[in-house]
Amino acid sequence: MSKKAEKKGELPILWNVDKGIATRHATNMVIQASPHEVLLSFFEALPPILIGSPAEVQEQLAKMPGLEAHCVARIVVAPGRLKEFVQILSQTVEQMESKKRKQ
């Protein structure tokens, strides 16, 4: 624990991911905001299985009402923590892009 944390009486966070938590792929996200909370909903939209000639595939697509997206997680974030959340996401994206440029 850092001396700064000791002075404030803070405890370190022991990160734990329960074995029952499923890992899903999120292909889409919806954000809803109110004065008291920000709701992040993550969705997985899987492409349909289409087989046949290009004309048959187009015909199958034309008959579909839309692509289903299933909600895989919903997270509520307090507005006061949202800037920190966005900053951490931005830093992670920058690190990933930096590593990719070096390859």
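When L89, L14, L39, L82 are screened for being modelled with pLDDT under 95 and surrounded by 11 or more Cβ atoms within 10 Å (Cβ to Cβ), only L82 passes. Residue count for region 59-80, restricted to those that are out of contact with any Phe, Trp or Tyr (no Cβ under 7 Å at 6 or more places or on another chain) and closer than 30 Å to A33 by Cβ: 10.
The set of residues in region 64-81 being under 23 Å from R24 (Cα atoms) and either assigned to a helix (DSSP H, G or I) or in contact (Cβ under 8 Å) with a residue 24 or more places away in the chain (or both) consists of A69, H70, C71, V72, A73, R74, I75, V76, V77.
The values are calculated or read from the model by the stated rules, or taken from the named source; none is laboratory data. On a predicted model such as this, the values are computed, not experimentally measured, just so you know. Note that we place each Cβ from the backbone using ideal geometry, even for glycine, and neighbour counts take in every protein chain shown.
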